[in-house]
Amino acid sequence: MADDVTTPAEDLIRRSRIDDTGLGEPLSERARQRQRSIEAYLRGEALPRYMQRAADIDRAVRRHTERLRQAYAAPGARERWREIAEGWNFDEVNQLIREHNEWYPVERDLPMNPRTKDYVLVNGRSYRRELLGPDWILQRFPA
């Protein structure tokens, strides 16, 4: 049903809550000692969430690319490469990409283009990132 569908923002909020035990993850030593304030943010001591997320996405894409490169080079992999591509799991990185596509314009305070009724381009390109899947794999590693 349509009621069961959640947005990436709702998923992020749900995942950010304390776990089922009621305890949650302990803070690292560094996190306990670092001052978290508007002043620290403005001084540049804390990266904005959109930058952290972009770095997470880039790292995940590099990891997947390296694992795909290894799988592609494996003996006999090319005969069943389409099957491998169809079964590759991108759920985690695609969740980050969905969050990026939903929140980036708000976090960056991007202006709207009145002609297109969409956010302005960033460095001449759309801010939206493409979800990864079998087509993404086959573009980089042909069957």
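Since every read-out is calculated from the coordinates, none of them should be taken as a lab result. This is a predicted model, so every value here is computed, not measured. Counting neighbours? That spans all protein chains shown, and the Cβs are built from the backbone with ideal geometry, glycine included.
A few points about this structure:
- A cut-off of 5 Å between modelled amide H atoms, ignoring neighbours fewer than 5 places along the same chain, links Tyr119 with Asn113.
- A simple spin-label model places the labels of Asn101 and Glu10 1.8 nm from each other, with each point 7 Å out along Cα-to-Cβ.
- 3J(HN,Hα) couplings calculated from phi for the stretch 64-71 with the Karplus curve 6.51 cos²θ - 1.76 cosθ + 1.60 (θ = phi - 60°) are, in sequence order, 5, 4, 5, 5, 5, 4, 5, 5 Hz; Gly and Pro show x.
- Hull volume per residue, based on the alpha-carbon atoms of the stretch 77-143 and their convex hull, is 103 Å³.
- Note, ³J(HN,Hα) from phi for the stretch 73-80, Karplus 6.51, -1.76, 1.60, rounded to Hz, x at Gly and Pro: 7, 5, x, x, 6, 5, 5, 10
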